[in-house]
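Asker: The structure under discussion is supplied below as structure tokens; questions concerning it will follow.
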Amino acid sequence: MYGITSQIRRASSSIPTNISEGCGRNSDKEFNQYLNIALGSASETEYLIILSRDLNYIDTETFEILEKEINTIKSKIYKLKQILIQQ
């Protein structure tokens, strides 16, 4: 379990880190690249949550809460990407 916990922490903390780093870039194109990286980290986090459930490290109720939260985060990143594209 420790290995998965560590991976979840690393992947999930990478999401806002990449968004903030992208904000400091000089163009929307560069920012979009960092948003893509953040989405990758969110997908990795989601997979690790699924794996945790499948290995019975977390119960169904906890899984559903975490799954909803990570999907909300992914949706917000997608919406931000759409705003960048429309500009």
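The values are calculated or read from the model by the stated rules, or taken from the named source; none is laboratory data. Since the structure is predicted, the reported quantities are computational estimates derived from the model, not experimental observations. Don't worry about glycine lacking a Cβ; one is built from the backbone with ideal geometry, like all the others, and counts go over all protein chains shown. Please note that ligands, DNA and RNA were not included when accessible areas were found on the heavy atoms of the full protein model with its side chains. Shrake-Rupley method; radii C 1.70, N 1.55, O 1.52, S 1.80 Å.
Asker: Suppose we keep only residues that are aliphatic (A, V, I, L, M) and in a helix (DSSP H, G or I) within segment 1-12. Which one would you say is surrounded by the fewest Cβ atoms within 10 Å (Cβ to Cβ)?
Answerer: Here the answer is Ile4.
Asker: Would you check which residues across segment 6-40 are among the charged types (D, E, K, R) and under 13 Å from the mean Cα position of the chain (by Cα) and list them?
Answerer: Those that are among the charged types (D, E, K, R) and under 13 Å from the mean Cα position of the chain (by Cα): Arg9, Arg10.
Asker: Additional query: Using the structure shown, decide if Ile15 is touching a residue at least 12 places away in the same chain (Cβ under 8 Å), in a helix (DSSP H, G or I), open to solvent by less than 50 Å² (accessible area, probe 1.4 Å) and not hydroxyl-bearing (Ser, Thr, Tyr).
Answerer: yes
Asker: Would you check if Glu30 is open to solvent by less than 80 Å² (accessible area, probe 1.4 Å) and touching a Gly at 6+ places or on another chain (Cβ under 9 Å)?
Answerer: So Glu30 fits the description; yes.
Asker: Could you list, in sequence order, all residues of segment 47-69 that are within 17 Å of the chain's Cα centre (by Cα), without any contact (Cβ under 8 Å) to a residue 40 or more places away in the chain and surrounded by fewer than 19 Cβ atoms within 10 Å (Cβ to Cβ)?
Answerer: Tyr47, Ile50, Phe63, Glu64, Ile65, Glu67, Lys68, Glu69
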